[in-house]
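Note sheet for the following structure.
The values are calculated or read from the model by the stated rules, or taken from the named source; none is laboratory data. Since the structure is predicted, the reported quantities are computational estimates derived from the model, not experimental observations. When we count neighbours, we look across all protein chains shown, and the Cβ atoms used for this are built from the backbone with ideal geometry, even at glycine.
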Amino acid sequence: MSLADLFTITAVSAGAVFFLAGTVGLLRFPDALTRLHALTKADNLGLGLVVLGLLPRVDGVLAGLKLVAIWLLALLAGAVVSQLIARAARRADPPA
Amino acid sequence: MMEAFNVGLALLILALAVWTVVARDTFAAVVGFVAYGLLLTLVWVQLHGIDVALTEAALGSGLTGALLIGAAARLRKTEGAARAERPGVSTRVAAALAAGCVTAALAVAVLALPDPAPTLAPETAANIAATGVGNPITAVLLAFRAMDTLLEAIVVLFAMIGVWSLAPDRAWGGRPGPLHRADPDGILAYLARVLPPIGLVVGLYIFWIGADLPGGKFQGATILAAMWLLVVMAGLADTPPIGSARLRIALVAGPVVFIAIGAAGVATAGAFLAYPDGLAKPLIKVIEWALLPSLALTLALILAGAPERPAK
């Protein structure tokens, strides 16, 4: 096993742990806002680590840039959608 | 290892399908359906059908999901009343019997298929060079099965006319969908300014790469349509009145070019939708370029809904 393989296994596994933690948070946290918090933070980091782990395995700089672009787009979408859902949740159930 | 993943994926899809059917809440069922579509995308990737996977993600899950969410939102007011009505025992037994018979018939039909399945793949592969297109899916869709693709493009147009026909008389010729008013400094308006340039590049890239690699006009057009709808929903632009002559020309331009090239084939190559020798690839490109804007507009207008506001 080369150093690159070890790096991939470590980073992708760490990413999977974040996905797992995010899912547990989604299932266990008490209300919409905290569930969103668990989901977006964990997914962003989890996907970031998976992409980081896969980077040494791509053939060519272009394919690597595509992977990073996918992560950045997921970051943007996650941040915007969680804001929109949080606003809708707040409107439906205003804080006392 | 991969075996375990595939079995797990199949079980998850079956479970999600059952859940989607059983779910009592319409919105929950729609969310189940979208997740089901995304899992199906993974199955297509596993089967090396990347073109189908892209289409499933963009159209099967994305566009259809958005349509169903719109429908669920409209049905919300009547949902309580619909749920209170419980069909009688005889109706439910009849429904269960009918559904069971259809399932049994499908199972018999699938099990009765010859093994190995009859295939034209070797012949197609042997003749693919004649089209000059590198992606076999694109070659099949636009050369060997061009008729299906032409009808598909026209069916989408008909679906949009079906949506338009739901317009009340006073709104006929007017603008589809509600007037969207979002905070001009809000997060949605921000996304509607940041994302479309990226989406345009990605959509055109997926369209352009379709000649040689997985991709194509339907997937590209869906992304372009999504970008336009994002701008509309953020209140930065409005949908055009459906009475506009320019809009109608843009909608039919793609299918008209396709039909014209098909008809020219009768004179130059001896059959409708046949391409003359050596001209297959350029003609396929012309058709793809003509269909892209028409498809993007049509898909976006299907999602935008029936005209609701007079054009003024």
Task: Which numbered condition A:Ala88 misses (of (1) loosely packed, with under 15 Cβ neighbours inside 10 Å; (2) modelled with pLDDT of 90 or more; (3) within 14 Å of another protein chain (Cβ to nearest Cβ)) - done: (2)
- [ ] Being surrounded by fewer than 10 Cβ atoms within 10 Å (Cβ to Cβ) and of a type in the set (S, T, N, Q) is the filter here, so list the residues in segment B:112-131 that pass it.
- [x] B:Thr119
Task: Answer residue from segment B:88-105, given it is over 19 Å from B:Val18 (Cβ atoms) and among the hydroxyl-bearing types (Ser, Thr, Tyr) and is surrounded by the most Cβ atoms within 10 Å (Cβ to Cβ) among those - done: B:Thr91
Open item on the list: Take the conditions assigned to a helix (DSSP H, G or I), within 14 Å of chain A (Cβ to nearest Cβ) and modelled with pLDDT of 90 or more and apply them to B:Ile223. Does it pass?
Closed with: yes
Open item on the list: If I ask for residues that are within 14 Å of chain A (Cβ to nearest Cβ) and basic (Lys, Arg), which ones from segment B:168-211 would you list?
Closed with: B:Arg193
- [ ] Looking only at segment B:25-54, count how many residues are among the small types (Gly, Ala, Ser), more than 19 Å from B:Gln219 (Cβ to Cβ) and assigned to a loop (DSSP other than H, G, I, E, B).
- [x] 0
Task: Where a residue in segment B:75-91 is on the phi > 0 side of the Ramachandran plot and its partner, wherever it lies, is among the polar types (S, T, N, Q), with Cβ under 8 Å and at least six apart - done: none
- [ ] Look through segment A:11-35, keep the residues that are touching a helix residue (DSSP H, G or I) at 6+ places or on another chain (Cβ under 7 Å) and of a type outside the set (A, V, I, L, M, F, W, C), and return whichever of them is nearest to A:Leu84 (Cα to Cα).
- [x] A:Arg35
Task: Residue count for segment B:98-123, restricted to those that are in a helix (DSSP H, G or I) and under 21 Å from B:Ile137 (Cβ atoms) - done: 3
Task: Hits in segment A:54-74 - residues which are within 14 Å of the chain's Cα centre (by Cα) and away from every other protein chain (no Cβ under 12 Å) - done: A:Leu67, A:Val68, A:Trp71, A:Ala74
Task: Of all residues in segment B:235-254 being in contact with a Lys or Arg (Cβ under 8 Å, 6 or more places away or on another chain) and farther than 17 Å from B:Pro293 by Cα, the one that is surrounded by the fewest Cβ atoms within 10 Å (Cβ to Cβ) - done: B:Asp238
Task: Condition broken by A:Asp43, with the remaining ones in (1) touching a helix residue (DSSP H, G or I) at 6+ places or on another chain (Cβ under 7 Å); (2) within 14 Å of chain B (Cβ to nearest Cβ) satisfied - done: (2)
Task: Failed criterion for B:Ala143 (all others in (1) in a helix (DSSP H, G or I); (2) within 14 Å of chain A (Cβ to nearest Cβ) hold) - done: (2)
